[in-house]
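Below is one structure, written out as structure tokens; comments come after it.
Values quoted throughout were computed directly from the atomic coordinates according to the rules given, and no laboratory measurement underlies them. Here the structure is a predicted model, which means the values were calculated and not measured. Cβ atoms come from the backbone with ideal geometry, glycine included; neighbour counts cover every protein chain shown.
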Amino acid sequence: MTLLARIKEQILPVTLAAVILAVGYYTFSKMPPRGSPWDIAEWILMLVTFCILFSLFPAVAIIYGWRTGNRTGAFLVGVLALPLVFIFGFILLRPGNRVFLPLSSTLPFIAVLTTACGLAGYCAAQRTKNYLAVSIILTGMWLITWMSGFN
């Protein structure tokens, strides 16, 4: 087996590990854990839970794209998921919640996130390991962008 073939076999695990390290590094540099060992363990558990819950948006597009191979459908699933949640949140929580106000900075933020989700689904619909690695990278970028939006 040639070196190039071995590298291609390992592209998904290496990409996944790199994305996890990048998200972890970004999070630790933005808000490092403080306190007792118990507080740090709680912080790490919160970080893992946060990443799993919020990576569901691009993960749905990736899974749909990988399973069906439908490029257009995967792109639409990725592009429509977050704006629909945003719109329903705006309608349901509008009276008391100022998070969903359509500010001039909120709409471009949502547009960047939805584009990343759509592209992740589109790449996964290609059904190759290289494109799946690109989808994983887009998901990592999505998580970092999502976390950068918090104050």
Original post:
Of (1) crowded, with 17+ Cβ neighbours inside 10 Å; (2) out of contact with any Phe, Trp or Tyr (no Cβ under 8 Å at 6 or more places or on another chain); (3) closer than 27 Å to Phe28 by Cβ, Leu113 satisfies all except one. Which?
Top reply: (2)
Subject >> Among (1) closer than 23 Å to Ala124 by Cβ; (2) aliphatic (A, V, I, L, M); (3) without any contact (Cβ under 8 Å) to a residue 60 or more places away in the chain, the one test that Ile40 misses >> reply: (1)
Original post:
In segment 115-151, how many residues are touching a Pro at 6+ places or on another chain (Cβ under 6 Å) and not hydrophobic (A, V, I, L, M, F, W, C)?
Top reply: 1
